[in-house]
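Participant: Dropping a structure here in structure tokens format, bear with me for questions.
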Amino acid sequence: MIEIIKRAEEKLKDHPNRLKHVIGVAETAVKLALIHGVDPDKARIAGYWHDTSKYDDIHTQTKDLDTETIERYKTHPVIYHALAAAKSLEREFGIHDEEILSAIRCHVWGNKVMSTLDKIIFVADSCEPNRGFEDSMMVFQLATEDLDQAMIYCMKQSIEHVIDKGKTPSIDQLEAYEYHMEEKRGKTQHTH
């Protein structure tokens with residue numbers, strides 16, 4: 001794990017704010033992992049590595065992706081850095097743990113099917129203290145009590161952010177949010 005952390009720090013050394021962010025994500029993810037019964041080492045690795053491809057050029061981000069994936073996300077290339085980071089972690093360190101790789105791949109806008117680690121990295125990416133979002137502390141507190149609710153909140157905020165920038169959210173992003181909202185409604189109805 002030390003080598004992964006060192007390599008992440010090396011890759012982001014010219015981007016001090018992004019480096020602070022990944023450290024914040026890793027630390028926040030470890031705290032949430034301990035609360036929610038997830039391996040904190042997996043959370044630390046995913047947290048440190050999730051944005052390591054953020055500043056790679058588009059060719060580097062897409063070189064290990066298949067043509068179908070590149071085509072599917074060409075209107076939303078923001079996802080490429082997440083997919084590329086997972087591929088590079090596999091290639092550079094031989095990490096084939098699907099929990100870690102999935103958490104990195106779906107940190108941008110989530111997914112319909114998410115493990116607890118997926119949810120932790122997704123939420124930690126939004127609420128780590130260096131982000132400077134007004135609601136960071138509230139989201140973290142919510143995540144300690146109800147990780148699913150925190151995840152849905154973060155998904156909604158992310159969609160609204162994209163729309164506020166005058167862009168269209170990815171269909172995957174919208175479907176993930178709708179899926180988890182429906183799942184939440186179903187759980188709520190079953191408890192009454």
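Participant: List pairs: first in region 52-72 and in contact (Cβ under 8 Å) with a residue 60 or more places away in the chain and exposed (fewer than 13 other Cβ atoms within 10 Å of the Cβ), second β-branched (V, I, T) and not in a loop (DSSP other than H, G, I, E, B), Cβ under 9 Å, 6+ apart or cross-chain?
Facilitator: Close Cβ pairs satisfying both conditions: none exist.
Participant: Need the failing condition index for V162 against (1) within 26 Å of R72 (Cβ to Cβ); (2) touching a residue at least 12 places away in the same chain (Cβ under 8 Å), just the number.
Facilitator: (2)
Participant: If you don't mind, another one. Looking only at residues that are surrounded by fewer than 14 Cβ atoms within 10 Å (Cβ to Cβ) and hydrophobic (A, V, I, L, M, F, W, C) in region 1-50, which one is nearest to M138 (Cα to Cα)? First the steps, then the outcome.
Facilitator: First, the residues of region 1-50 that are surrounded by fewer than 14 Cβ atoms within 10 Å (Cβ to Cβ): 1-3, 6, 10, 13-14, 16-17, 34-35, 37, 41.
Then drop every residue that is not hydrophobic (A, V, I, L, M, F, W, C), which leaves 1-2, 34-35.
On the way: M1: 30, I2: 31, L34: 19, I35: 16 Å.
The qualifying residue nearest to M138 (Cα to Cα) is I35.
Participant: Which condition from (1) surrounded by fewer than 22 Cβ atoms within 10 Å (Cβ to Cβ); (2) on the phi > 0 side of the Ramachandran plot is the one that G110 breaks?
Facilitator: Answer for G110: the failing condition is (1).
Participant: Do you know which residues across region 161-180 are surrounded by fewer than 15 Cβ atoms within 10 Å (Cβ to Cβ) and more than 21 Å from F133 (Cβ to Cβ)? Please lay out each step first, then the result.
Facilitator: Taking region 161-180 and keeping what is surrounded by fewer than 15 Cβ atoms within 10 Å (Cβ to Cβ), we get 161, 163-168, 171, 178.
Hits for region 161-180 are T168, I171, E178.
Participant: Just give me the residues in region 23-65 being part of a loop (DSSP other than H, G, I, E, B), more than 18 Å from D172 (Cα to Cα) and either in contact with a strand residue (DSSP E or B) (Cβ under 6 Å, 6 or more places away or on another chain) or not polar (S, T, N, Q) (or both), in sequence order. It would help to see each step written out before you state the result.
Facilitator: We begin by selecting, within region 23-65, every residue part of a loop (DSSP other than H, G, I, E, B); these are 37-39, 50-57, 63-65.
From the residues that got through so far, the ones that are more than 18 Å from D172 (Cα to Cα) too are 37-39, 50-57, 63-64.
Across region 23-65, the qualifying residues are G37, V38, D39, H50, D51, K54, Y55, D56, D57, K63, D64.
Participant: Taking the condition of being touching a helix residue (DSSP H, G or I) at 6+ places or on another chain (Cβ under 9 Å) and farther than 14 Å from D125 by Cα, how many residues in region 16-34 meet it?
Facilitator: Going through region 16-34, the residues touching a helix residue (DSSP H, G or I) at 6+ places or on another chain (Cβ under 9 Å) turn out to be 17, 19-34.
Going one step further and asking which of them are farther than 14 Å from D125 by Cα, we end up with 34.
So the count comes out to 1.
Participant: Any residue at all in region 135-142 that's within 23 Å of H15 (Cβ to Cβ) and not charged (D, E, K, R)?
Facilitator: Within region 135-142, the first condition is being within 23 Å of H15 (Cβ to Cβ), and the residues that meet it are 136.
Narrowing further to those that are not charged (D, E, K, R): 136.
Within region 135-142, one or more residues are within 23 Å of H15 (Cβ to Cβ) and not charged (D, E, K, R).
Participant: Same structure, new question: In region 1-22, how many are part of a helix (DSSP H, G or I) and either within 18 Å of E99 (Cα to Cα) or aliphatic (A, V, I, L, M) (or both)? Show your work before the answer.
Facilitator: Restricting attention to region 1-22, the residues satisfying the condition of being part of a helix (DSSP H, G or I) are 2-11, 16-22.
Of the ones still in play, those that are also either within 18 Å of E99 (Cα to Cα) or aliphatic (A, V, I, L, M) (or both) are 2, 4-5, 8, 19, 22.
Qualifying residue count for the region: 6.
Every number in this text was worked out from the coordinates using simple rules, so none of it is lab data. Keep in mind that this is a model prediction, so the values were computed, not measured. When we count neighbours, we look across all protein chains shown, and the Cβ atoms used for this are built from the backbone with ideal geometry, even at glycine.
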